[in-house]
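Working notes for the structure below.
All of the numbers you see were taken from the coordinates with simple rules; none came from a lab. Computed from a predicted model, the values in this text were never measured in an experiment. Here the Cβ positions follow ideal geometry from the backbone for every residue, glycine too, while neighbour counts run over all protein chains shown.
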Amino acid sequence: MPAPKYDPAETRLIGARVAVMKRDPALGDLLCRYVFREGSKVVTLARDRSQIVYSRTFVQQATRDELVEFLLGIARRAPR
């Protein structure tokens with residue numbers, strides 16, 4: 001059976017989401033409602049309905065703490 005292929009950018013975002021869950025479980029739970037999708041018109045991260053759209057370049061260059069802060073900002077502004 002071939003090994004699964006993981007997207008490194010999405011894996012970094014999932015790791016940042018887990019860090020948010022450890023820091024604030026309520027906001028982490030809220031973030032789990034969104035799926036990650038790469039977007040061509042976004043510079044950093046943005047929420048679009050049920051998705052968090054990201055720039056691959058930004059995610060690969062950002063530190064984990066920066067990704068956590070961006071996700072916290074998205075979660076705080078998301079409808080509950």
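A compact table of results
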{"item": "Folded to 0 to 90 degrees: helix 64-77 orientation relative to the chain principal axis, Cα", "result": "50"}
{"item": "Segment ARG64-THR44, extension gain: residue separation times 0.36 nm, minus the distance between their alpha carbons", "result": "5.8 nm"}
{"item": "Cut-off 12 Å between beta-carbons: net charge of the residues surrounding THR63, Lys and Arg +1, Asp and Glu -1", "result": "-1"}
{"item": "Amide H contacts of GLU38 (H built 1.01 Å from N, under 5 Å, at least 5 apart or other chain)", "result": "TYR54"}
{"item": "Orientation-averaged projected area, Cα convex hull of the stretch 8-77 (nm²)", "result": "4.0"}
{"item": "Nearest 10 degrees, 0 to 90: helix 8-23 Cα axis against the chain principal axis", "result": "30"}
{"item": "Magnitude of the charge dipole, the chain, Cβ model with Lys/Arg +1 and Asp/Glu -1, debye to 20", "result": "220"}
{"item": "Linear extension gain, VAL35 paired with ARG56, 0.36 nm per residue minus alpha-carbon span", "result": "6.1 nm"}
